[in-house]
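Here the structure comes first, spelled out in structure tokens, and everything after it is commentary.
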Amino acid sequence: MTLEAGAELAPKTYPVTRASLVRYAGASGDFNPIHWSDRVATAVGLPGVIAHGMFTMALVARAVSEWTDGAEVVDLGAKFTNPVVVPDDDEGTTVTVSGTVKSVEGGLATIALTVVSGDQKVLGMPKVSVRV
Amino acid sequence: MAVDGSLVGRVFPPTRPYRVTDEKVREFAAATGVGWESGDPVPATFPIVLAFDAMNAFLDEVEVELSRIVHGEQKFSYTRPIAPGDVLTATLSVASVRQIGGNDIIGTVSEITDDSGAVVCTTSATLVHRAAEVA
């Protein structure tokens, strides 16, 4: 696809359940118990089990890949500013990724992102550059 | 216990060589809801598998419990895409240590290199070590 500066990319919403976190833990090797045990999560002062920040970032990479037909990612980064709290029920929560193409130059497209769970932004200054 | 600022600049030993396989990439992609086929691009956050290994070794060394770590920031900067067949290692160095509100804010950089020694990806992480509550 052609990416042009100013283009708005259709928001992508992905479900996040406890099962997603268990599966991601196994695939990534990140077995931090704050991502599967309410007991441990609350003991360290979190509201409950939270998604791996890297799971949220993986969903960002997924959205970018879907928008760009798998364009080569050159840079990807974000701050994890608010936790994605995942309740222990069948619905869990969702993460929605929206993007705007900021610039296309030197063979790279830079996309500014907004990543929310519910009404809350969960990533700070999420940014990605892909080769075009 | 606060993490010692004298760690800044310390370079940890490289992780053991890791061979990227179709099966592992498919498993990782599936965990993020992506149906991955051989030949598809490797997910951009895949190197976290190696970087996380390097971080665990670092946390063991500084005697910090993983459950007290919350991820603050992560960045990936690629020199070239990763592909199945690559044999990669991660070498973690400590870039910064600060204390804010009783928490340690630890900046790390992991260089992911292939078996020729060429850097494939540099990934930086900010780790927040949450202080234990005062009893």
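The values are calculated or read from the model by the stated rules, or taken from the named source; none is laboratory data. Just so it is clear, the structure is predicted and the values come from calculations on it, not from any experiment. Ideal geometry is used to build each Cβ from the backbone, glycine not excepted, and the neighbour counts take in all protein chains shown. All accessible areas refer to the heavy atoms of the entire protein, side chains included, with ligands and DNA or RNA removed. Shrake-Rupley method; radii C 1.70, N 1.55, O 1.52, S 1.80 Å.
Packing, as the average of other Cβ atoms within 10 Å across residues, places the peptides A:49-58, B:38-47 in the order A:49-58, B:38-47, highest first.
Within the listed set B:Ile69, B:Ile48, B:Ile100, the residue fluctuating most in the Gaussian network model of chain B (springs between alpha-carbon atoms under 10 angstrom) is B:Ile100. Burial of accessible area (probe 1.4 Å, heavy atoms of protein chains only) in region A:73-109, relative to its chain alone, reaches at least 50 Å² for A:Leu76, A:Phe80. Be a star and scan region A:29-61 for residues whose amide nitrogen sits under 19 Å from the point 7 Å along the Cα-to-Cβ vector of A:Arg131. Within reach of a label on A:Arg131, which here means backbone N under 19 Å from a point 7 Å along Cα→Cβ, region A:29-61 contributes A:61. Interface between chains B and A: roughly 2600 Å² of accessible area buried, both sides summed (probe 1.4 Å, protein heavy atoms only). The string of couplings for region B:65-79 from the Karplus curve (6.51, -1.76, 1.60, θ = phi - 60°) is 6, 4, 5, 8, 9, 10, 6, x, 6, 8, 9, 10, 10, 9, 8 Hz, one whole number per residue in order, with x for Gly and Pro. Work out the charge dipole of chain A with +1 on the Cβ of Lys and Arg and -1 on the Cβ of Asp and Glu about the Cα centre, then indicate which of A:Thr96, A:Leu108, A:Leu46 is farthest towards its positive end. The residue sitting farthest along the positive end of the dipole is A:Leu46. As a length-normalised measure over Cα pairs under 8 Å and 6 or more apart, the relative contact order of region A:53-132 settles at 36 percent. Across peptide A:51-60, the mean count of Cβ atoms from other chains lying within 10 Å of each residue's own Cβ comes to 5. Once backbone amide H atoms are built at 1.01 Å from N, A:Lys102 has A:Gly6, A:Thr110, A:Ile111, A:Ala112 as its partners under 5 Å, excluding neighbours fewer than 5 places away on the same chain. Leaving out ligands, DNA and RNA, what percent of the accessible area of chain B is carbon and sulfur, probe 1.4 Å? Result for chain B: 51 percent of the exposed heavy-atom area is carbon or sulfur. When only the Cβ of Lys, Arg, Asp and Glu is charged (+1, +1, -1, -1), the dipole of chain A relative to its Cα centre reaches about 280 debye. Taking other residues whose beta carbon is less than 10 angstrom from the beta carbon of B:Gly107, and scoring Lys, Arg as +1 and Asp, Glu as -1, yields 0.
Calculate how large, on average over all directions, the projected area of the Cα convex hull of region B:1-113 is; give the answer in nm² to one decimal.
In nm², the orientation-averaged hull projection of region B:1-113 is 7.8.
When only Cα pairs below 8 angstrom with a gap of at least 6 residues are kept, chain B shows a relative contact order of 32 percent. For region B:44-134, the list of GluC sites (Glu not before Pro) that fall in a loop by DSSP and count at most 10 other C-beta atoms within 10 angstrom reads B:Glu63, B:Glu133. Inter-chain neighbour count for B:32-38: the average number of beta-carbon atoms from partner chains within 10 Å of each residue's beta-carbon is 4.
Taken about its Cα centre, the protein assembly as shown carries a charge dipole of roughly 400 debye when the Cβ of each Lys and Arg holds +1 and the Cβ of each Asp and Glu holds -1. With contacts taken as Cα pairs under 8 Å at a separation of at least 6 residues, region A:27-95 carries a relative contact order of 28 percent. Over the residues of the protein assembly as shown, the helix contribution to mean residue ellipticity at 222 nm works out to -6500 deg cm²/dmol, using -39500 (n - 2.57) for each DSSP H run of at least 4. Using the 1.4 Å probe convention, the accessible area of chain A works out to 45 Å² per residue with neighbouring protein chains retained.
Filter the GluC sites (Glu not before Pro) in region A:30-132 to those in DSSP coil with at most 16 other Cβ atoms within 10 Å of their Cβ, and list the result.
A:Glu72, A:Glu91
Contact residues in region B:74-103 by the 40 Å² criterion (accessible area, 1.4 Å probe, full protein complex versus chain alone): B:Gln74, B:Phe76, B:Tyr78.
Once the 1.4 Å probe is applied to the protein heavy atoms, chain B comes out at 47 Å² accessible per residue.
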